[in-house]
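To keep things clear, I will list the structure first and then write my remarks on it.
The values are calculated or read from the model by the stated rules, or taken from the named source; none is laboratory data. Please read these numbers as outputs of a predicted model, since none were measured by experiment. Cβ coordinates were reconstructed from backbone atoms using ideal geometry, including for glycine residues, and neighbour counts include every protein chain displayed. Ligands, DNA and RNA are excluded from the accessible area calculation, which covers all protein heavy atoms including side chains. Shrake-Rupley method; radii C 1.70, N 1.55, O 1.52, S 1.80 Å.
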Amino acid sequence: MRVQMRVSEPADARIRRGLLRIAASQLGRRAESMVLPLEFLQQFKASDIPDPQEYEAWQSRNLKLLEAGLLVHPLVPLNKSDVSAQRLRQIIRGAYDRPLETGKNSESMQVLRSAVMSLAGRSDDGTSDGCHWADGFPLNLHLYQMLVEACFDNDDGTVVDEIDEVMELLKKTWGILGINQMLHNLCFAWALFNHFVMSGQVDIELLSAAENQLAEVAKDAKTTKDPNYSKVLSSTLSSIMGWTEKRLLAYHETFNTSNIESMQGIVSIGVSAARVLVEDISHEYRRRRKEETDVARSRIETYIRSSLRTAFAQRMEEADSKRSSRNPTPVLSILAKDIGDLAIKEKNLYSPILKTWHPLASGVAVATLHSCFGNELKQFIAGLTELTPDTVQVLKAADKLEKDLVNIAVEDSVDSDDGGKSLIREMPPYEAENAIANLVKVWIKERIDRLKGWVDRTLKQETWNPAANRENIAPSCVEMLRMVGETLDAFFQLPIPMHPVLLPDLMFGLDRSLQLFVSKAKSGCGTRNSFMPQLPPLTRCEVGSNILFKKKEKPQNPQYRGSQNGTTNGADPLALPQLCVRLNTLQFVRGELENLEKKIKTGLRNVESAQADVTDGLDIKFELCQTACQEGIQQLCETTAYKVTFYDLGHVLWDILYIGDIASSRIEILLRELDPILETISGMVHNKVRNRAITALMKATFDGFLLVLLAGGPLRAFTRQDSQIIEDDFKALKDLFLADGDGLPEELVDKASSQVKNVLPLLRTDSESLIDRFKRMMAEFNRSGAKNRLPLPPTTGHWSPNEPNTVLRVLCYRYDETATKFLKKTYNLPKKI
């Protein structure tokens, strides 16, 4: 112990000699009843220490010890008026100027002894059971701390082998120094900890011993409320905790695989110190319910969050420095990978240790990393304006990192009370996929807007020139489909993980663009009603007049006057060839939709996110365009047919057919005009819509033929004998479309001609029967009306032998007296317009 305390042999021999003298002069007195510094001053003279300076230093040291134990840190506080204290101060102050005379009979020694013994004899309870010169706080602790150093080897700082014997010696000083087991435990815990720190934190045995000793201190802290003990306890533990926290708040910098073994003990010491400081010293804690505060868990969580924020900031700097011309990877992509590696390291290296105090250590760690990276990502996303490869790379890296972090959190909290819900709530989704999706939607919108703008501009300039290509389609259609195909190719080349999710947005946009093209391709052409004539007012025949004169009068034509042939000038956008090009164009678009759908399915199967059944749940159809094409083709067929019939051939219908002598104005001229029109349609229109176009033309000519008979104006008049000529003419018109079996199917022609066939028998019926028929029908339709007068039946356009307006019109054009008188009497119809 002498060696450990660095006491030289001469000094040890001198002290032993002094102690023997003291014992000899005060037989029977216990050591506790002596003031050893006072006795040493009296026993040693200058002659005992050869070196005068050493003697003065020795004397000064003993006087300072008396001053510290009796004046500065006395066991019982002094009164300012205490005479003994004043006298002792004077003696000590004088001794600094001139060495004290310490002979047994010297007056100065007697005065010193009197003052010292008076002060040393005071006690808390007033009884004088011994001398109190070294048990005042905190002098006693400083002295004891010096003694405790004897437990440690001077060379390497380890605990000496003879620790038990040394401890027995130390206990013998407790009475004089006022030390008890609690103070010993605290001093020894500090000594163990201090020596571990001075060892370079490599002596794990010292750390373990300090950890165990601190556990004893924690027990002691709960059993006493002594203010002096609490003060030194707080000071000591605050120092320990300060040192540990400095390392634990950035444990990624402090610990690695080479020194991770010490982390468990350091965390344990730090947490133990914090727990005692909070639970046994903090007044705030006592005022609150203890179950509300888990000190250990709270401290560990603080360490984790602080350390990972620090580590994140370092990785951020490193990622920034890694990016260069040789490594153009975006900083956040580098950072995402580094943070993923950091999370794995945390989970494997640090979390197993920290789980001792915090069951969700890994979860807290990844939640912190998730938050840190999320803040950076949020700023990145806020600045995005377009989809670039770097952008996608960052967002995909963020998405992968998030999934990895969430997986760790879920694994870590599987056994927790709430199943990890609180941790997951702490990790709001990055929504990297949403960010990518939003950018792709912007990309889609730009492409679609560009496409729609192109459609608007191009179709304003489209001439529908049949000579533009061999397919007789509009060049703009080919270009449009090419652009759609390029847009699809560009979409599937985007380096994104959610093509199937975003495809419907693109499909809808392209579908709308194609629909717009189809809509504009047929716009301005009109409908069948655009070319249907306005029917002339009803008149009656002038029986007895020479009907031939009517050929010389100018016909009252209700139809627009147009070109007089079926193949009008090519510059006319509504000429037959141009209308054929429009028809072919819509058919071409409709045919290409299937190819586009196949292209999309192939693209889906080839993207990186493809799955085996990737196309099964998707409705890959251009429904809007498909419907628009079908409706457009139907409209164009009808428009073409009625435009040709009532506009291009209007002069034949209204100016020639059945004007004057029926026999000399028959159907042949109409057939001659229809022949080149049919050739044009057959030669130009795509075979898939050719029959539809010709069928529409057939229906239009049948409608025109019927209108000539029922609403041809006052220049037409028919006898019953004319009916056979008319029936023969209608058969010739039907035969034109049958074309000896090379034309339309007979069933189709029969169906289309049924209305005309039903009406023609009325032309053979005598006027009296027609009048009776008309009256019966009017009586049926007018049961609740006036009995004396027949109302004029409305024109419905649905010509039928059972429809009164149809029968009335046959009477209007009947060239006989009976009919004209009935019309005059019943409705007072005029003979002319």
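By a straight-distance test (C-alpha under 24 Å), which lysines pair with K598 as possible cross-link partners, with residues fewer than eight away in the same chain excluded?
K441, K445, K452, K621, K688
Can you tell me how region 139-284 classifies by the Cα gyration tensor, rounded, prolate or oblate, using a/c under 1.5 as the rounded cut? All intermediate terms of the calculation are to be shown ahead of the outcome.
On the way: a/c = 2.33, a/b = 1.19, b/c = 1.97.
Oblate is the answer for region 139-284, as a/c is 1.5 or above yet b/c matches or exceeds a/b.
Using a 1.4 angstrom probe, figure out how much accessible area the chain has per residue, in square angstrom, rounded to the nearest whole. Can you show the working numbers first?
Details: 40930 Å² over 833 residues.
Here the residues of the chain average 49 Å² of exposed surface.
If you keep only loop residues by DSSP, which trypsin sites (Lys or Arg not before Pro) in region 178-230 have at most 13 other Cβ atoms within 10 Å of their Cβ? Don't skip to the answer; put the middle values down first.
On the way: sites: K219, K222, K225; in loops: K222, K225.
Within region 178-230, the qualifying trypsin sites (Lys or Arg not before Pro) (loop, at most 13 other Cβ atoms within 10 Å) are K222, K225.
Would you mind telling me the share, in percent, of accessible area of region 1-156 contributed by carbon and sulfur at probe 1.4 angstrom?
Values: 4590 of 8790 Å².
In region 1-156, the share of accessible area belonging to carbon and sulfur is 52 percent.
With axes computed from alpha carbons, what is the tilt in degrees of helix 687-711 against the longest principal axis of the chain, rounded to the nearest 10 within 0 to 90?
In the chain, helix 687-711 runs at an angle near 50 degrees to the longest axis.
Determine Rg/Rh for region 9-132; Rg is computed over alpha-carbon atoms and Rh is the Kirkwood hydrodynamic estimate from the same atoms.
Numbers: Rg = 14.6 Å, Rh = 15.2 Å.
Taking Rh as the inverse mean 1/r over Cα pairs, Rg/Rh reads 0.96.
Using a 10 Å Cβ count of at most 10 others and DSSP loop calls, identify the longest part of the chain lacking such GluC sites (Glu not before Pro). Intermediate results must be reported in sequence, preceding the final value.
Details: sites that count: E386, E608.
My reading of the result: 1-385 is the longest stretch.
Taking the Cα centre of each part, how many Å lie between region 761-778 and region 189-266?
122 Å
Post the alpha-carbon centroid distance, region 147-166 to region 649-672, in whole angstrom.
Their Cα centres are 136 Å away from one another.
Under 13 Å Cα-Cα from K832, which aspartates and glutamates qualify once same-chain neighbours fewer than 8 residues away are excluded?
Candidates past the 8-residue exclusion: E542, E553.
Testing the spin-label approximation: label points 7 Å from Cα along Cα→Cβ at Q4 and S238. State their distance in nm.
If labels sit at Q4 and S238, their model points lie 3.0 nm apart.
Pairs to check: K643/K757; K64/K172; K64/K104; K246/K396. Give those whose C-alpha atoms are more than 31 Å from each other in this structure.
Working: K643/K757 24 Å; K64/K172 23 Å; K64/K104 20 Å; K246/K396 37 Å.
Pairs exceeding 31 Å: K246/K396.
Measure nothing fancy, just the Cα-based angle from helix 107-120's long axis to the longest principal axis of the chain, in degrees from 0 to 90, nearest 10.
40 degrees
Leaving out ligands, DNA and RNA, what percent of the accessible area of region 442-545 is carbon and sulfur, probe 1.4 Å? Before the final figure, lay out the partial values.
Numbers: 2470 of 4940 Å².
About 50 percent, which is the carbon plus sulfur part of the accessible surface.
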